[in-house]
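The structure appears below as structure tokens.
The values are calculated or read from the model by the stated rules, or taken from the named source; none is laboratory data. In this text, all values refer to a predicted model and were calculated from it rather than measured experimentally. Neighbour counts run over all protein chains shown; Cβ positions are idealised from the backbone, glycine included. Remember, those area values only see protein heavy atoms, side chains included, never the ligands or the DNA or RNA. Shrake-Rupley method; radii C 1.70, N 1.55, O 1.52, S 1.80 Å.
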There are 2 protein chains.
Amino acid sequence: MRLPALSSAVPAITWLSRYRGPEFSADLVAAIIVTIMLIPQSLAYALLAGLPPQVGLYASILPLVAYAVFGTSRALAVGPVAVVSLMTAAAVSKVAEPGSPEYLGAAIALALLSGGMLIAMGVARLGFLANLLSHPVVSGFITASGILIASSQLKHILGVEAHGHSLFSIVGSLARHIDETNLWTLGIGAAATAFLFWVRSRLKPLLLRLGIPAQLAGVLTKAGPVAAVIVTTSLVSLLNLGQSGVDIVGTIPQGLPPVSAPPMDLDLFATLAPAALLISVIGFVESMSVAQTLAAKKRQRVEANNELIGLGAANLAAAFSGGYAVTGGFARSVVNFDAGAETPMAGVFTAVGIALTALFLTPLFFYLPKATLAATIIVAVLSLVDLKALKRTFDYSKSDFAAMAATILVVLTVGVEAGVAAGVGLSVALYLWRTSRPHMAVVGQVPGTEHFRNILRHEVTTSDTVLTLRVDESLYFASARFLEDNIYDMVAERPELKHVVLMCPAVNLIDASALESLEAIVERLSSAGVTFHMSEVKGPVMDRLKRSRFLDGLTGQVFLSQYEAMRTLDPEATARADSASPARAQAHAV
Amino acid sequence: MRLPALSSAVPAITWLSRYRGPEFSADLVAAIIVTIMLIPQSLAYALLAGLPPQVGLYASILPLVAYAVFGTSRALAVGPVAVVSLMTAAAVSKVAEPGSPEYLGAAIALALLSGGMLIAMGVARLGFLANLLSHPVVSGFITASGILIASSQLKHILGVEAHGHSLFSIVGSLARHIDETNLWTLGIGAAATAFLFWVRSRLKPLLLRLGIPAQLAGVLTKAGPVAAVIVTTSLVSLLNLGQSGVDIVGTIPQGLPPVSAPPMDLDLFATLAPAALLISVIGFVESMSVAQTLAAKKRQRVEANNELIGLGAANLAAAFSGGYAVTGGFARSVVNFDAGAETPMAGVFTAVGIALTALFLTPLFFYLPKATLAATIIVAVLSLVDLKALKRTFDYSKSDFAAMAATILVVLTVGVEAGVAAGVGLSVALYLWRTSRPHMAVVGQVPGTEHFRNILRHEVTTSDTVLTLRVDESLYFASARFLEDNIYDMVAERPELKHVVLMCPAVNLIDASALESLEAIVERLSSAGVTFHMSEVKGPVMDRLKRSRFLDGLTGQVFLSQYEAMRTLDPEATARADSASPARAQAHAV
């Protein structure tokens, strides 16, 4: 009993026991490619988060090892990502000045909180909380974040000072400082951005035309940022452009990440908690989406609660090794998968690659211009912006569109946390509103058959004394009053009525509120001389009704079929309908 | 076009145009009886709200006239009620000292806010907001309020000072002061309480045995509080018990309510807004419940949005005439109805009765002991406490029980607003959780028929290469991931699978999140060599799917019937099932 339990908590045990030569070489090749891609990314996303560049490298070492031990995805590549870096900057800059030791401490505390929350959610099996983030809200959030991130990087491309956390404040700040633009910086930044856009859209088709295999062409395309880094760094170094005002990365401390305890400050934790929750949930949702896409290609499974623990462990590892919040990256994971990664060991090898970089290569980044890093960020995040999704969502569902538009607007004008809160709140409210008005239809008998259909859509026979109402959704507290109001209105309009039958073939639940509404309906109809019946009640719903007093007070009966109900309550109308020609009725059906 | 619109906004126009002698005398008789009942109640509830006694009278004059003009219920008797008085005390004592002019001003401002909110909800047709208050939450709230109110009145029965807004603080405060008990007060209070309990439970049967008609006996029973007031007031006056420390009502200013503008203080409004919203919604829910019960007996209609405006007008009238928040009272409305009220004119006559009382009778209440008023409150509110509902709800539904228990506990320990917030929050969360795990069943063909049923409940034939999953509820953002996870798990377990069919006869909606999940399912199954199909998709759902890109990317087909799907995808298995004997299969059915 012990081992299965342990291997379920530590999935690495399962795959390590079968780890052989072929897996080793496949993972090693994938790791080398991912490492080359991750080096500029980790430096760039640290810059986006407002942190020193080495923090990006540190967040790409131990967290990868921790995820390899506890995660279940074979191909997910964990590390700093754009959206989480933006959220880190937004949350941490509220409590500390960028560049200060407190700012770094707060970023580390955020990773600690996020790790703790993810593990707690995994242990308590609360992964379903992520379900509250609807696709339109997540999609709107990612689009708005992409716009925010890209605009926040423009200052590095122009070489000016600018601040702000909303689109307006960023753009306003840029406009005020635009006359301070450094032309060397702008030249490097614009060239790097143009080059990277060209690589993204044109290089792969070109390589394919040159006869290079598709997989290799794809991997080469991902090496664009490395080429940009090498070329622009050499240029700055050779022409000594640092002296001409081009902002460079400068000294990055050499060595492995310091293993250190994160700051323990309960006030700080309380302030950062909402942001940490949001980072956890958004990071988890994005990660799961990538992991499931890749797992499905090999018919593998990704277990949500294990993933929570894996990502939680990665964030705790970041917090204890001077890093910041991490999650599974989309492009990076796809590269890892395409390059042939077979097991999470590829992540461990990547960590070794980044560790070697931190130990030996950081002096090479001294002359790396920040404009180049900003260019890699801009090109990466603009691919996240999907404004066409707005149109598609509008065409498909107005309420989903409302949630998406609200998320985008609030993220751009107020901030990331308020935006997600607005989107989730609106999604839930619109869902409750919609389900509070369940679809109902007055039905009649299709002549010559035992079927009952909507009187508005079919040519059917009805009775003057019996009203049959079919409900097409579950009855719960938000819809209970709607049901009551509808029935009272219908009864008030039909003075000759003697019986009401509620037809329930699609009712999966009647909660306590709906039950009380039904009791009130029975009582009120009874005082108006009308009896209340039900028909085609599902087994589990009937079992519950039997546990209540409802059936004792019911003035009418519960019929197994609607046909039986009509035959009992109005035999004459039923006889009329039975003897009618079905063919004729069919001909009249709408 | 003008007149019908006006008579829908002012329902009084309709009934006034047909007002004749018989209605007049019926309304007058009902009004006299309700006035006698309302005098002690209005004084008592003002005491409960921490307000001077005349404020209770003022809240029973103009608000009744306003409701008569704008409300739609023929029998609803509006005025001060216990639960709203408790909520007023809880909200107002946070911003002002009881007894101070600011306290009265805040209570008036609360009525103004509540009136404004009710009218806004009525005009914007937001009555459905009240649907968020599930029956268990309202029932738990009323029960807990009853307990809180009764315990808060014990100080008047004992004649001691005590404070507190939670059950613990009230009981603790009483315990500290119990040695200061005034025996005269306790004697009057205990005797009045015992008498009123006796009247409530024993008087009516006794009167019936004496041959008094049932209706008259019912009305006489409601006069118990008046008898207690007369007897104890005379006693205190004759024995001069005020000198012995019995707390009396004292001087009530004579005269009509002052028509005056409520305080206009935006900070105060902001502070009181949440409490005002709660008072509005709770008052509306309770009022509607009484109004609908009474209207149904005469097959009359009560229009929710008109009721909101009627109650809103009543609260505005209270705010402009020195009163406090009002709503429809349960016992009072039943008495009004039983006494024969035909139109809202009965409310106008009641208002005249209370106005005459305020003009001429207030000196008679000088010696009225507060203990008697406390006794009438205790006996009235203990009838609201329904602890058996806890047991009934527990038996019927655990999640409804959880919402109810949370409401009761939080109201008793923290306060009324936090309690309702906890109950509503928990109801919504539990509903989302439940619907995030929709019922799904793997189905197979019932041999010899074209029907498909749950393989766990019926003896059916299945195919090795085709998996059919029936979903029994709508698919939306909270359930989208559950569907994905389930399908991936099932596919991962069945390596020989070629087709997945999603059978949707009970799916009323596929929102944008569920649509993206379906797209992801199609793509991921496709990369695993499995095609995805749908069957029995409802018309409106299909219409929406046609507006999206989904059908372009669908690897399989949408079948009109599940039988057609199976016959197309696995003709062999279908042939086997078609030729099997249905009788034999029926015998094996579980």
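Can you list residue pairs whose Cβ atoms sit under 6 Å apart, with the first residue in segment A:243-255 being touching a residue at least 60 places away in the same chain (Cβ under 8 Å) and the second being aromatic (F, W, Y)? Count only pairs 6 or more apart in sequence or on different chains. Taking only residues 6 or more apart or on different chains, the pairs are A:S244/A:W184; A:V246/A:W184; A:I248/A:Y367; A:V249/A:F365; A:I252/A:F365. Within segment A:351-371, is even one residue open to solvent by less than 10 Å² (accessible area, probe 1.4 Å), part of a loop (DSSP other than H, G, I, E, B) and closer than 29 Å to A:V259 by Cα? Within segment A:351-371 (the criterion being open to solvent by less than 10 Å² (accessible area, probe 1.4 Å), part of a loop (DSSP other than H, G, I, E, B) and closer than 29 Å to A:V259 by Cα), the answer is yes, since at least one residue qualifies. From the set of residues in segment B:128-172 that are among the small types (G, A, S) and over 26 Å from the mean Cα position of the chain (by Cα), which is least open to solvent (accessible area, probe 1.4 Å)? For segment B:128-172, the residue satisfying everything is B:A162.
For segment A:301-328, the candidate set comprises residues that are among the polar types (S, T, N, Q) and closer than 13 Å to A:P11 by Cα; within that set, the residue that is nearest to the chain's Cα centre (by Cα) is A:N305. Taking the conditions (1) part of a helix (DSSP H, G or I); (2) touching a residue at least 24 places away in the same chain (Cβ under 8 Å); (3) out of contact with any strand residue (DSSP E or B) (no Cβ under 9 Å at 6 or more places or on another chain) in turn, A:L238 satisfies each one other than (2). Could you tell me whether B:A175 is surrounded by fewer than 20 Cβ atoms within 10 Å (Cβ to Cβ) and assigned by TED's automatic domain parsing to the domain that holds B:P262? So B:A175 fits the description; yes. Considering B:L475, B:L518, B:L502, B:L497, the condition of being in contact with a helix residue (DSSP H, G or I) (Cβ under 9 Å, 6 or more places away or on another chain), more than 9 Å from chain A (Cβ to nearest Cβ) and more than 18 Å from B:V558 (Cα to Cα) is satisfied by B:L497 alone. Residues that are open to solvent by less than 20 Å² (accessible area, probe 1.4 Å) and at the interface with chain B (Cβ under 10 Å from one of its Cβ atoms) within segment A:394-413 comprise A:Y396, A:S397, A:D400, A:A403, A:M404, listed in sequence order. None of B:T14, B:T72 is open to solvent by 20 Å² or more (accessible area, probe 1.4 Å) and outside any helix (DSSP H, G or I) except B:T72. Restricting attention to segment B:370-393, the residues that are within 14 Å of another protein chain (Cβ to nearest Cβ) and touching a helix residue (DSSP H, G or I) at 6+ places or on another chain (Cβ under 7 Å) total 4. Here B:A5, B:A26 are screened, and the one residue that is modelled with pLDDT under 90 and outside the structural domain of B:L373 (by TED's automatic domain parsing) is B:A5. Scanning segment A:415-462 for residues that are open to solvent by 40 Å² or more (accessible area, probe 1.4 Å), under 18 Å from the mean Cα position of the chain (by Cα) and in contact (Cβ under 8 Å) with a residue 24 or more places away in the chain yields A:E417, A:L426. Taking the conditions (1) in a helix (DSSP H, G or I); (2) at pLDDT 85 or above; (3) open to solvent by 20 Å² or more (accessible area, probe 1.4 Å) in turn, A:P253 satisfies each one other than (1).
Taking the listed residues A:V428, A:V424, A:V446, the one that is of a type outside the set (S, T, Y) and more than 12 Å from chain B (Cβ to nearest Cβ) is A:V446, with no other qualifying.
Those residues that are open to solvent by 20 Å² or more (accessible area, probe 1.4 Å) and touching a residue at least 60 places away in the same chain (Cβ under 8 Å), I need them from segment A:286-301; list them, please.
Within segment A:286-301, A:E286, A:K298, A:Q300, A:R301 qualify.
Annotation note: Cβ proximity below 9 Å between a residue of segment B:96-109 that is within 23 Å of B:G312 (Cα to Cα) and a residue that is open to solvent by less than 10 Å² (accessible area, probe 1.4 Å) and among the aromatic types (F, W, Y) (sequence gap 6+ or interchain) occurs for B:L104/B:Y324; B:A107/B:Y324; B:I108/B:Y324. If you scan segment A:380-393, which residues turn out to be open to solvent by less than 30 Å² (accessible area, probe 1.4 Å), in contact with a Ser or Thr (Cβ under 9 Å, 6 or more places away or on another chain) and not polar (S, T, N, Q)? Passing the criteria: A:V381, A:A389.
Reported count of residues in segment B:263-284, each being surrounded by fewer than 22 Cβ atoms within 10 Å (Cβ to Cβ), in contact (Cβ under 8 Å) with a residue 40 or more places away in the chain and either within 14 Å of chain A (Cβ to nearest Cβ) or not charged (D, E, K, R) (or both), is 7.
For (1) part of a helix (DSSP H, G or I); (2) modelled with pLDDT of 90 or more; (3) small (G, A, S), each residue gets a yes or a no:
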{"position": "A:L497", "(1), (2), (3)": "no, yes, no"}
{"position": "A:V501", "(1), (2), (3)": "no, yes, no"}
{"position": "A:P505", "(1), (2), (3)": "no, no, no"}
{"position": "A:N508", "(1), (2), (3)": "no, no, no"}
{"position": "A:A514", "(1), (2), (3)": "yes, yes, yes"}
{"position": "A:L518", "(1), (2), (3)": "yes, yes, no"}
{"position": "A:I521", "(1), (2), (3)": "yes, yes, no"}
{"position": "A:R524", "(1), (2), (3)": "yes, no, no"}
{"position": "A:M534", "(1), (2), (3)": "no, yes, no"}
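Yes/no matrix, rows are residues, columns are (1) more than 28 Å from the chain's Cα centre (by Cα); (2) small (G, A, S):
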| position | (1), (2) |
| --- | --- |
| B:Y19 | yes, no |
| B:P22 | yes, no |
| B:S25 | yes, yes |
| B:V29 | yes, no |
| B:G50 | no, yes |
| B:V55 | no, no |
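Against the condition in a helix (DSSP H, G or I), facing chain A (nearest Cβ under 9 Å) and either at pLDDT 95 or above or farther than 15 Å from B:V466 by Cα (or both), how does B:D552 come out, does it pass? Here the answer is no, as B:D552 does not meet what is asked. Of the conditions (1) touching a Pro at 6+ places or on another chain (Cβ under 9 Å); (2) open to solvent by 60 Å² or more (accessible area, probe 1.4 Å), A:A512 fails just one. Which one is it? Failing condition for A:A512: (2).
Beta carbons closer than 9 Å, at least 6 apart along the sequence or on distinct chains, pair a first residue in segment A:530-551 that is in the same structural domain as A:C504 (by TED's automatic domain parsing) and at positive phi with a second that is crowded, with 20+ Cβ neighbours inside 10 Å and charged (D, E, K, R) for A:E536/A:R470. With respect to the conditions (1) within 16 Å of B:N131 (Cα to Cα); (2) touching a residue at least 12 places away in the same chain (Cβ under 8 Å), A:D485 lacks only one, and its number is (2).
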